[in-house]
Amino acid sequence: GNRQQLPPASDNKLPVVYGSAYVGGTVTDLSISGDNQQLYYVLSICEVTNTNVGQTADTITFGDIYFGGKKVVFQGNGYTVASLTDESTGVVDTTVNGRIEFYLYNNGSNSPVNSPYTAIEVLQASGLIYTWDASKTMTNCAFAILHLSYSQSANIRGLEATKFQITNPRSSTGDCFYDYLINTRYGCAIPEYQINTDSLDALTAYSNESFTYTDYEHNTATQPRFKFNGTLDTK
């Protein structure tokens, strides 16, 4: 019942994702064609972690996508929507076939993960009244471009609640605390020499130890004590 998208604003902060989480994204840019039939939304999803100078950025990956509460099924090219599935009823909507596209980027405009097109190429489509140039790099940001072809018959009139399954391989407790404490963009910008890294290493070691439990089917299983899986509000 909560909002999945945030409206355009000058002070919206992007969250950090550690482990896996579903994120709606923030509308940070948009364009429309001169005939008002093609809409392009830029949805900024999360910060890319481990991105201080000298660090190697963590690799953000995308999983399932939901549009208007329905699971997106792609055509073979990986970015054009073939259908939307209502998982509660099993009903499949094929009227949207070819009318919606999701272009995904895991670290800036030049890092496409499901198409061969940079974000700048996508937002230089013919007929757009506003286009991107090479300066729109979206550095250290995981984001998506949502392209909608207006269709009254397919009920495509604008942006609906959209969710992206995002995974960051950084999920160990001490690693996540350390990243947030030292990052100079979204974190606390604390110098490393002021951080007790030994205690964070000990926390990670303890958290990664397995424990045994009984699941709901009365089977014995094991899992690590604790991993981060969620978003961190950087406001």
Practice task
Just read off the accessible area of Tyr41 with the full protein assembly in place, 1.4 Å probe, to the nearest 10 Å².
Solution key: 40 Å²
Exercise for the section: Can you bin the stretch 152-235 into rounded, prolate or oblate? Criterion: square roots of the alpha carbon gyration tensor eigenvalues sorted a ≥ b ≥ c, rounded for a/c under 1.5, prolate for a/b above b/c, oblate for the rest. Expected result: oblate
Practice task
Whole number in Å², please: accessible area per residue of the chain, 1.4 Å probe, ligands, DNA and RNA not counted.
Solution key: 52 Å²
Problem - Crossing angle, helix 173-182 versus the chain [Cα axis fit, 0-90 degrees, rounded to tens] - result: 70 degrees
Handout entry: Whole-Å distance, taken between Cα centres, linking the stretch 155-181 and the stretch 55-79
Key = 11 Å
Problem - Mean separation of Cα contacts under 8 Å, 6 or more apart, over the residue count of the chain: relative contact order % - result: 26 percent
Fill in the blank from the handout: So for the chain, using the alpha carbon gyration tensor with a ≥ b ≥ c as root eigenvalues (a/c under 1.5 gives rounded; past that, a/b versus b/c decides prolate or oblate), I'd call it oblate
Completion exercise
Share of accessible surface on carbon and sulfur in the chain, whole %, 1.4 Å probe and ligands ignored, is 49 percent
Handout entry: Efficiency of FRET from Cβ geometry, Thr89 and Ser149, R₀ 22 Å, rounded to 0.05
Key = 0.30
Exercise for the section: Could you work out the relative contact order of the stretch 104-235, using alpha carbon pairs under 8 angstrom and six or more residues apart, expressed as a whole percent? Expected result: 16 percent
Exercise for the section: Over the alpha-carbon set of the stretch 137-192, divide Rg by the Kirkwood Rh and report the Rg/Rh ratio to two decimals. Expected result: 1.21
Exercise for the section: Report the calculated FRET efficiency for Thr80 and Asp233 (r = Cβ-Cβ distance, R0 = 41 Å), to the nearest 0.05. Expected result: 0.80
Handout entry: Charge-dipole axis of the stretch 83-235 as Lys and Arg at +1 and Asp and Glu at -1 on Cβ define it, positive-most pick from Ser151, Cys188, Val91
Key = Ser151
Fill in the blank from the handout: Heads up, the stretch 27-138 by the C-alpha gyration tensor (a ≥ b ≥ c square roots of eigenvalues; a/c under 1.5 rounded, else a/b over b/c prolate, else oblate) looks oblate
Completion exercise
FRET efficiency for Tyr193 and Gln165 from the Cβ-Cβ distance with R0 = 22 Å, rounded to 0.05, comes out at 0.05
Handout entry: Rounded to the nearest 10 Å², the accessible area of Cys188 at probe 1.4 Å
Key = 60 Å²
Practice task
Go through the stretch 101-167 and name the chymotrypsin sites (Phe, Trp or Tyr not before Pro) that are in a DSSP coil and have 11 or fewer other Cβ atoms within 10 Å of their Cβ.
Solution key: Tyr130
Completion exercise
In debye to the nearest 20, the charge dipole size for the stretch 182-235, taken about the Cα centre with +1 at each Lys and Arg Cβ and -1 at each Asp and Glu Cβ, equals 240 debye
Exercise for the section: Would you check the accessible area of Thr220, probe 1.4 Å, heavy atoms only, in square angstrom rounded to 10? Expected result: 110 Å²
Handout entry: Between 0 and 90°, nearest 10: helix 197-208 axis offset from the chain longest Cα axis
Key = 80 degrees
Fill in the blank from the handout: Answer in debye to the nearest 20: the dipole magnitude of the chain about its Cα centre, from +1 Lys/Arg and -1 Asp/Glu charges placed on Cβ, is 420 debye
Practice task
Choose one of Thr234, Ala205, Phe102: the residue whose Cα lies farthest towards the positive end of the charge dipole of the chain (beta-carbon charges +1 Lys, Arg; -1 Asp, Glu; about the Cα centre).
Solution key: Phe102
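The values are calculated or read from the model by the stated rules, or taken from the named source; none is laboratory data. Values in this document were obtained by computation on a predicted structure and should not be read as measured data. Cβ sites come from the backbone with ideal geometry, for glycine too, and all protein chains shown count toward neighbours. Ligands, DNA and RNA are stripped out before the accessible areas are found, and what is left, the full protein with its side chains, is counted by its heavy atoms. Shrake-Rupley method; radii C 1.70, N 1.55, O 1.52, S 1.80 Å.
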